[in-house]
Each structure stands twice: as C-alpha cells, then as structure tokens.
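Participant: Handing you a structure now.
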Amino acid sequence: HLATSLPLPSERDHLRPRIDLIAFMIDIKSKYSLKNVEASLAHVDASFFLGKVCFLVTGVGRVNYCSVEMNSIWKLGEVYCSPVLFCELELEGIRVATAQRLLRMLQICAGHIPGVSALSFGSLMRNSADN
Amino acid sequence: MDVTVAEYIRRTVLKIPRDEIKTMLQKWGFLSETQLQTVNFHQIKENISQDVVQLCEENSADIKQAAVLDIIYNHIYPNKRVWSVYQMNKTGEETEFFDLTDFKKKFKRQLRSALKNVTINFREYEDNAVWIRIAWGTPYTKPNQYKTSYVVYHSQTPYVFISVSVLKSNLPLLCQALVVASNYHDIREMELRSHSLNSLKDIVFKRYSQNFQTYYPRPLQERNVAPESGDLRIIQENRNEKERIQRVNQEVFGDGPQPKLEFAQYKLETMFKSDPKMGVLDEKEPFRCLVKFSSPHLLESLKSLAPAGMADAPLSPLLTCIPQKARNYFKIREKKGFFPGSFVSP
C-alpha cells in the first residue's frame, strides 16, 4: 500500500489488511520529504516501533543534491529505534536489491520466518549499525 | 560593396546553424540558384560565410538586402530575443481598412522626422503579421546594424510585439511611430514578456487551451475512470486525493500544452506583518520585496507542482491567473478598506 502521508484515509479502513511493516521513504534531495515523514510518525501506534518500522532513504547516489543532513536521519533512526536503509532508486540493481531486503524484513515482521521475531531482527540490525 | 555590409552579412550567416544556411539563403532569394550551387555547404561555417560574402560582392549587396536576411533569421529564430507585448487603443469605433503601404509610409516618416539615422525594413508574413526591423543611429552617427529592434504587428489586432534590445531610450519614439502609422490613439505596455514569441501570441490571441468554469464542481462520469495501469498488487491509499488534484489541475490549466514563459515576477509593496512584540519595522512603511519565479517552461512546471506533491492544489490564483490576465509581471499592494490582505494592481 502506498500513501503520501499519515494518517491513512479513513474511508478505506475496511479494505485494508493487517499492516506488518511500515517503510518511511525519505528523499535526501527534499527537506519537505523529511518533514512529511516526521509529521506522519506521530500517527503511528507505538507497537509498530518494535521492529515493524524502517526508514528508507532514497536518492543517495546524487551527492550534489543532498538537502537533508545525515545527522537528522541517524537521529530519527535512534529516536524511533528503527533501522535506516539507504538506496538509489534510479539504478536497477540497487532497486532490486533493496526490494529484496525489504521483502525479507516483511517476511520476518509477518511472522513467516520461524524462530525470528520482528523485535529480535530489529535489534540485530541496530546493533550491527552501531559499531 | 561596403565593407561594413560585407561584415554584417558574414556575421549573420555565422549565426545560422550550418544545416539551415542553404534553405535560409534560398528564402532570402538574393543569390541565384546557380550561385548557391557553387558553395560547399558541408565545409566549416567560417568558410561558408566567406563564400557567401564573395557571392554577395558579385551581386553588389547593400544594407537593405542584408537587413532582409536578418529579418528572415529572426523570423525563424525569434526565441533568441526577449519580446514584450504592447496594446494599442483607439477612441471611438472607427473600423478602418488597414492599408499596408500607408502604414509603412507613415511609420517611416514619423520615425525619420525624429531621428534621421535609422534603417527601416519591412517584411510581411502570413496571418497579417508585419515584421519591422529598425537599426538605430544617433543624430551624429550612422545606424548601428547590430543594435536593432524588432516589431511584429498583427494588423487585424491592437497588439504589437516588440523586441527592443539594447537602446531602450528609443522606445518612446518607436511607440509613437507605431501609433501614428496604425491610426490608433495610444499604446501601453502590457506586463507580459517572454523569449517565446509564439507563446505570447497564444496568450493574447487566446489560442491556448483554456479551462472552462463548470457550474458543478463534480467531475463528469466519463472522466473519472482513470485506467489502473501498473501492478494491481500496488494499492494507492491516497487515490481519492490524487484524483482530486488531477481534477483541480485540469480545471485550472486545461488539457493542452501551456504557453511558454520563463519568468513570473511579483513586486510586493505590502506591509510587513509581524508579531507586534517583535517591533520590526516600526515605521509603517511598505516592505519592499521582489519574488521571481523562473523556469525553462514556467506554466508547465506550475501545472506539475501539485501532482508531484510539491504544492497543494489549487495553486494560488496569483500564479494561475497568468495566461488569463495576459501578464507575468505583477505589483501587489495593500488592499485599502474593509478586508485586510493584498490585491493585484490592474
């Protein structure tokens, strides 16, 4: 399900399945995109932040056009205890690899991988990023 | 042949893209077909221009013919210049028959009576467009062929498109000559400027696709069906909002391509509204500020702002009124009286 911001429109509530993973996309070229994500985060139930939220930063290939500071992104990941992924949508290889990563995360969050819970996976990702 | 004329022709030919040189010379018609056959149009432009000058030498070209070549070049590449739009007014309802010869005679006479050193050339095109090329001199110097102004006058309309170039001081003279020659009363500058002459014509002649105000803001049933292209597994949560934006955009901008403008400029002469405690600008003077929007294609980029998620729909009427009001330079002043806010000066 794609949405431009949260909260989701209530008229579609009855059509929506269970949400297992929320990926917030931040375009590094747009400060507005970061603001939008920050505003939307306020509408997310706290239980999602136990491994069911991740931040996906796009546009990282174009270093010249960075409008968003990396510090703000790292801080966001820390404050909301969620992993931060980076990708460049314009390159097919990276796009496909990122999609596969997200799909893997989704399988874990949906409970399809026995023995691995969303929370354990989330803390695994955070610990490896902290070193 | 005059050395300055030769140089002028050479420089004009150098401006033309190599593949177009032959066609343009044929349009010019000054050199015969046999003469043109002798030129190798595949060599470098520097050499082509030399050959052309040589041929013009044989035909003893003078400044009048050279000027015609310049008009042809500018007619095919008008977007290299900046054009302003002027509107002439008549008092009374006399619909006079437009006499081209009379117009040309009066124009030349009026201009020359004020300034003797000018080169004036006319060329008529389809759709009643008269192109006038003026090279300006001073009372003491010959006309400078590189300091030219162009006028495009559509005789069945009150509109004149002027590209002044450097010497703005000659503009009042030019305007007066136009008014006298065309039997109008006066002329005023519309605040509308662009590189694209055709787009300016589209705007003033209302040739672009306009939005028609519908009484009922609901979309027609047929229009609402947007094809679900792409993967059916992707569900757009904000589809209603996206459709609303498309609908509003279409109402405002219409369906067709927008006229091409490069700038919109808003000169603000409004009072600075701040927290009274901040005490900024205690003297109640208008805060002077200039806001300029620039883009290779301003109206198309405004049209794509809301669908791209970068602005809310509908856009500010200050932006969307540009084609209807036929202006892209605005002065915004304080609205006096009942309602606070700002209004756009006529």
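The values are calculated or read from the model by the stated rules, or taken from the named source; none is laboratory data. If you're wondering where the values come from, they're calculated on a predicted model, not measured in any experiment. A quick note on method: Cβ atoms are made from the backbone with ideal geometry, for glycine too, and the neighbour counts reach across all protein chains shown. In case anyone asks, the SASA skips ligands and DNA or RNA and just uses the protein heavy atoms, side chains included. Shrake-Rupley method; radii C 1.70, N 1.55, O 1.52, S 1.80 Å.
Participant: Please give every one of the lysines within straight-line cross-link reach of B:Lys45, meaning a C-alpha to C-alpha distance under 19 Å, and leave out same-chain neighbours fewer than 8 residues apart.
Facilitator: Straight-line reach from B:Lys45, under 19 Å: B:Lys15, B:Lys22, B:Lys27.
Participant: Dipole magnitude of chain A about its Cα centre, charges +1 at Lys/Arg Cβ and -1 at Asp/Glu Cβ only, in debye to the nearest 20?
Facilitator: Dipole about the Cα centre, nearest 20: 80 debye.
Participant: Pull up the cross-link candidates among the lysines for B:Lys106, meaning alpha carbon to alpha carbon under 23 Å and not fewer than 8 places away within one chain.
Facilitator: Partners within reach: B:Lys64, B:Lys90, B:Lys116, B:Lys142, B:Lys147, B:Lys168.
Participant: Hand me the GluC sites (Glu not before Pro) from segment B:90-154 located in a DSSP loop with no more than 14 other Cβ atoms within 10 Å, in residue order please.
Facilitator: B:Glu93, B:Glu94, B:Glu96, B:Glu126
Participant: Testing the spin-label approximation: label points 7 Å from Cα along Cα→Cβ at A:Arg12 and B:Arg239. State their distance in nm.
Facilitator: Spacing of the two 7 Å Cα→Cβ label points: 0.7 nm.
Participant: Here is a further query. Per DSSP H run of n ≥ 4, the term is -39500 (n - 2.57); total these for the protein assembly as shown, divide by its residue number, and report the mean residue ellipticity at 222 nm rounded to 500 deg cm²/dmol.
Facilitator: Calculated from helices alone, the mean residue ellipticity at 222 nm is -11000 deg cm²/dmol.
Participant: Sticking with this structure for a sec: Beyond a 18 Å Cα-Cα separation, which of these cross-linked pairs lie in this structure: B:Lys260/B:Lys331; A:Lys31/A:Lys75; B:Lys267/B:Lys335; B:Lys108/B:Lys201; B:Lys80/B:Lys201; B:Lys292/B:Lys331?
Facilitator: Where the Cα-Cα span goes over 18 Å, the pairs concerned are B:Lys260/B:Lys331; B:Lys108/B:Lys201.
Participant: Within segment A:1-92, which GluC sites (Glu not before Pro) sit in a loop by DSSP and count at most 14 neighbouring Cβ atoms inside 10 Å?
Facilitator: Passing sites in segment A:1-92 are A:Glu69, A:Glu90.
Participant: To one decimal place, what Kirkwood hydrodynamic radius in Å is obtained for chain B from all pairs of distinct Cα atoms?
Facilitator: 24.2
Participant: I'd like the FRET efficiency for B:Asp255 and B:Asn47, computed as 1/(1 + (r/R0)^6) with the beta carbon distance as r and R0 of 45 Å, rounded to 0.05.
Facilitator: 0.40
Participant: Once a ≥ b ≥ c are taken as the square roots of the eigenvalues of the Cα gyration tensor of the protein assembly as shown, is the result rounded (a/c under 1.5), prolate (a/b larger than b/c) or oblate (a/b not larger than b/c)?
Facilitator: Because a/c hits 1.5 or more and a/b exceeds b/c, the protein assembly as shown counts as prolate.
Participant: Segment A:73-114 to segment B:26-43: how many Å between their Cα centroids?
Facilitator: Segment A:73-114 and segment B:26-43 have Cα centres separated by 66 Å.
Participant: Got a sec? What order do B:Glu7, B:Glu33 fall in by accessible area at 1.4 Å, biggest, i.e. largest, first?
Facilitator: B:Glu33, B:Glu7
Participant: Right, next: Calculate the mean, over all residues of peptide A:1-8, of how many other protein chain Cβ atoms lie within 10 angstrom of the residue's Cβ.
Facilitator: 4
Participant: Run the dipole for segment B:54-142 about the Cα centre, Lys and Arg Cβ at +1, Asp and Glu Cβ at -1, nothing else charged, and hand back the magnitude in debye, nearest 20.
Facilitator: The dipole of segment B:54-142 has a size of about 540 debye.
Participant: So how much slack lies between B:Thr101 and B:Arg207, counting 0.36 nm per residue of separation and subtracting their Cα-Cα distance, in nm?
Facilitator: Roughly 35.3 nm would be gained on extension.
Participant: Give a quick list of chymotrypsin sites (Phe, Trp or Tyr not before Pro) in segment B:126-217 that DSSP marks as loop, anything other than H, G, I, E or B, with at most 15 other Cβ atoms within 10 Å.
Facilitator: Passing both the DSSP loop test and the Cβ count: B:Tyr140, B:Tyr146, B:Phe205, B:Phe212, B:Tyr215.
Participant: Within 10 Å of each Cβ in B:231-237, how many Cβ atoms from other chains are there, averaged over the peptide?
Facilitator: So the per-residue partner count for this stretch is 4.
Participant: Given the options B:His42, B:Phe30, B:Cys56, identify the residue whose Cα lies farthest towards the positive end of the charge dipole of segment B:1-95 (+1 on Cβ of Lys, Arg; -1 on Cβ of Asp, Glu).
Facilitator: The residue sitting farthest along the positive end of the dipole is B:His42.
Participant: Report, largest value first, the span of the C-alpha coordinates of chain A along each principal axis, in whole Å.
Facilitator: Largest to smallest, the principal-axis extents are 41, 39, 30 Å.
Participant: Please give every one of the aspartates and glutamates within straight-line cross-link reach of B:Lys104, meaning a C-alpha to C-alpha distance under 14 Å, and leave out same-chain neighbours fewer than 8 residues apart.
Facilitator: B:Lys104 reaches B:Glu124.
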